[in-house]
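K.L.:
Here you go, one structure.
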Amino acid sequence: MIVIVIVIAPLILLFSSLLPSSLLLAFEVTHQIRPGSVFETTALNSACSTITGTIFASRCNPALFAYSKDSEQKITISMVGKAEGDSIDNGRDLIFKPITEDTIRRLLQERNFNTFSFNGEILFRNKFFELSYSPYYLLADLYIFNPAFLEVSIHLVSLEILRVTHGRKILTFSPSNTFNLSSGVSLYYYKHSYENTIISLYDLSYKKAVDLITFKTLYGTSADIGLFLDNDNKYIPSLSAQVKNLNNKVKEGKENANSKSSLYQSTLFLFDTYSTIAIGKGVNTIIGGFNVDLEFPFDEFYRELRKKYITFGSKYSLTLFSLFFSISKYYKSIGLRFDSSNFNIGVLYAREKDMGDLQPKPEQSIYLGIDIIL
Amino acid sequence: MINAMINTMINILLFILTFLTLNLSIITTVVSADQKIDSINFFVQQNAKAEEKYLFNPYEKIISGVAAFLIGNVGYYTSTSSVLKVTYTGIQTVGIINIGRSIYASNSPSLEKSFYHLMTDSSVDSYSKKDLSLNLLHIFAQEERAKRIALFYGSSFITAQYAINAFVYKSPGNLKNIYIFLGSVNAIVALYSALYKGEYEKYYYGPSIEIKPFITFVSSGITLNIDF
């Protein structure tokens, strides 16, 4: 299987390099916690499009809904958030507390990049569809560009999503081994409240602190579409292809991309339309289950391969215990999850560079995830 | 002549109706007879094809529970923040709960499997009321005992763990008080589980105090029993 990965991966790289390159944004930020994330997808850094048979598989790829093992109706409350990190306190204060002059002054004195992210949702699933409501996807990114002049780029997001997911096997064919093709779609309605701005010490001299940050709101509908090709051969890998955030109107930061200042933040793989191709394989042994996944992300509709964000994810699991590992150029993480019949708890240790090459050294973070299954 | 023809036609019609009625009664009788047989076969077939939840190996629940317990303790000892300490307490608790559930699973009976053995025992044609009531009594007694033993060991381990968290590891003051409170509550639950038996358990096994976790592992036809 490893030989096949080594053969296929360069072909994908070669094919994508022939496509025209998109406009390169000066200041892109991404996060491990994405809209719709649960602990498992965070721990694998979304490199999970080919990992079937888990409760949250459809979060990675809606086509995996067809492989849901458990046909009982379930209600699950799921939360994942950054609990510890070098910059956690500032982000939490901006989201949950009133913004005061003291808060702004403290921000301007702190280290360069501060970030906080959190996702919480309620999920109902049966064998026909999955319905989820996420009242809070929270994001707070702060970046100090010039300590001498003290300008801070602030990006705050509060996202509310109502999502319905369905997937099914659409084709089975058996040239020599049996291949199953499944497809899935996830439709969602969002309310996106955000502020993406720059503040400086000079602004404090003539404006009130609370007026420096004013939220704007966007409403809309969007969709994720996925395909998954599985087989019963232990050497041939599974393949998946997805397009995420179709018809999403959120383009914050991109409207400022051509401005003279490159200080505005632009998010990547969070709200923008992007696509992925993944190859992976899973095997069950007497000592546990092993899954590996290699994810290739593209801009928009397979426009340009974002090579620096190619991610490898792996998972080892027993019925009640899972170990996750993911690695990419900017993210390295290892996570543990412990399950019981009604309660799952997970801890994830990560070294991350949300700003990519612009971030001089990685931030050490700890994420916590809790699932309550009713 | 016409009358003869009419009579012939009536006879033919009567013959056809009789033929159909006879066949219908035969079919009905056959179906009824099949239903009487099918209820036993139906139960046996359903039991045979009942899906067992997939397990990688028979020890994995215990392994997962012990791993959670150990990792929870190592993580708690090495963490400095309250948030992480609470998280690792959660992990310790999940591990202990899973150990308790494993003890329950190895002691609890299965009503379906018990009746499956009764239905498929070829040496017995029928059972008396007394046989059936004794069988049911055994099942209820085993179930009560399994719950009591699992609760006893789960609560005992939690009491011990929270005592270690409060008095051995360095815990913040407010967390320490919470551990002492929760540990005390679990100690009362453990004591109650050790001393109080349900009615079915008392009748079948006797009133004496008994707290053996009778763990049974079945693999490839070899049965390993561990008594503590």
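K.L.:
What is the mean number of Cβ atoms from other protein chains located within 10 Å of the Cβ atom of each residue in peptide A:316-327, rounded to a whole number?
P.N.:
On the way: counts 0, 3, 9, 10, 14, 12, 1, 1, 0, 0, 0, 0.
So the per-residue partner count for this stretch is 4.
K.L.:
While we're looking at this one, here's another question. For residue B:174 and residue B:112, compute 0.36 nm times the residue count separating them, minus their Cα-Cα distance, and round to one decimal in nm.
P.N.:
17.5 nm
K.L.:
Need the list of lysines near residue A:208 for cross-linking: C-alpha distance under 20 angstrom, and skip anything on the same chain fewer than eight residues off.
P.N.:
Hits, sequence-local ones excluded: A:97, A:216.
K.L.:
Share of Cα-Cα pairs in the stretch B:58-226 beyond 23 Å, in percent?
P.N.:
Every Cα pair in the stretch B:58-226 considered, those over 23 Å come to 52 percent.
K.L.:
Give the order of A:207, B:61, A:74 when sorted by the count of other beta carbons within 10 angstrom, beginning with the fewest.
P.N.:
A:207, A:74, B:61
K.L.:
Would you tell me the mean number of C-beta atoms belonging to other protein chains that fall within 10 Å of each C-beta in B:55-65, as a whole number? Don't jump to the answer; show the numbers that get you there.
P.N.:
Numbers: counts 3, 9, 6, 0, 1, 8, 4, 1, 6, 10, 4.
Mean number of neighbouring Cβ atoms from other chains: 5.
K.L.:
Continuing with the same structure: Report the number of Lys pairs in the stretch B:58-226 whose alpha-carbons are under 15 Å apart, with separation of 8 or more residues or on distinct chains. Walk me through the intermediate numbers first.
P.N.:
Details: B:85/B:170; B:85/B:176; B:147/B:197; B:147/B:202; B:147/B:212; B:197/B:212.
Eligible lysine pairs with Cα atoms under 15 Å apart amount to 6.
K.L.:
Right, here's the next one. So how much slack lies between residue A:361 and residue A:285, counting 0.36 nm per residue of separation and subtracting their Cα-Cα distance, in nm?
P.N.:
Stretched out fully, the residue A:361 to residue A:285 stretch lengthens by 23.5 nm.
Bear in mind these aren't lab numbers, they're just calculated from the coordinates by the rules spelled out. This structure is a prediction, so every number in the text was calculated from the model and none was measured. Please note: Cβ atoms are built from the backbone with ideal geometry, for glycine as well, and neighbour counts cover all protein chains shown.
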